[in-house]
């Protein structure tokens, strides 16, 4: 059994930041669960162009608000506490922070290793390990 | 892209209840993500004896409190907002509600189909579909 407190992750190598996002990796590939599991904070007003070409991702909002624009359809969905979105087609999207920081709980398949950076398309590169 | 609001799941077949738990399945096997993704509410004072023999599960608490007893070690871990536990060894455990209902975000591998019930050991049977 693995037990982790987010307080012990903040400020370590399991907390990764970029422009408009902070991600705390509660579970990575090396934890052997077959998925990774993250808490991600999107500050109010942020805008992220993302395209996880090599990963499926589910995201569940438990606080704050924002929106997601599906670039395949042009549709924008509001995000708030209780809304989940799943990128089941490696969907290209724009994630926007709202009026309050969003707290998102995320699961990735295949699991993120922790070494990824976003490429120019907003993708994480596939794991070559 | 799949977008679901928990309000649209409550009261449907995607909301499953048993003694001491209510689970809302945001993503099931049929959603094709390779994991399932649930919100589970454990009422204050509940006690659940669980043993997911056929599934790995990660659980992240985002509200309320309780505890988990690891039956392999006898150790009890407190659960509160910001604590995650992962049953990476199909760990037998007792999950106890605390003084406030716990709101847990859960991911299962392999994904739950939605047809499972807990057997006498607190396991979900493996999917035979």
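The values are calculated or read from the model by the stated rules, or taken from the named source; none is laboratory data. Since the structure is predicted, the reported quantities are computational estimates derived from the model, not experimental observations. Neighbour counts run over all protein chains shown; Cβ positions are idealised from the backbone, glycine included.
Assorted remarks:
- Residue in the range B:110-127 that is under 13 Å from the mean Cα position of the chain (by Cα), buried (at least 16 other Cβ atoms within 10 Å of the Cβ), at pLDDT 95 or above and part of a strand (DSSP E or B) present: no
- Residue A:91 fulfils the conditions (1) part of a loop (DSSP other than H, G, I, E, B); (2) modelled with pLDDT of 95 or more except for a single criterion, (2).
- Condition met for residue A:20 (within 11 Å of chain B (Cβ to nearest Cβ) and at positive phi): no
Residue-by-condition table, conditions (1) more than 15 Å from residue B:5 (Cβ to Cβ); (2) touching a helix residue (DSSP H, G or I) at 6+ places or on another chain (Cβ under 8 Å); (3) at pLDDT 95 or above:
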{"residue": "A:31", "(1), (2), (3)": "yes, no, yes"}
{"residue": "A:34", "(1), (2), (3)": "yes, no, yes"}
{"residue": "A:53", "(1), (2), (3)": "yes, no, no"}
{"residue": "A:67", "(1), (2), (3)": "no, no, yes"}
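- Residue check for residue B:59: modelled with pLDDT of 95 or more and in a strand (DSSP E or B): yes
- Filter result for residue B:85 (at pLDDT below 95, closer than 22 Å to residue B:18 by Cα and either buried (at least 19 other Cβ atoms within 10 Å of the Cβ) or more than 11 Å from chain A (Cβ to nearest Cβ) (or both)): no
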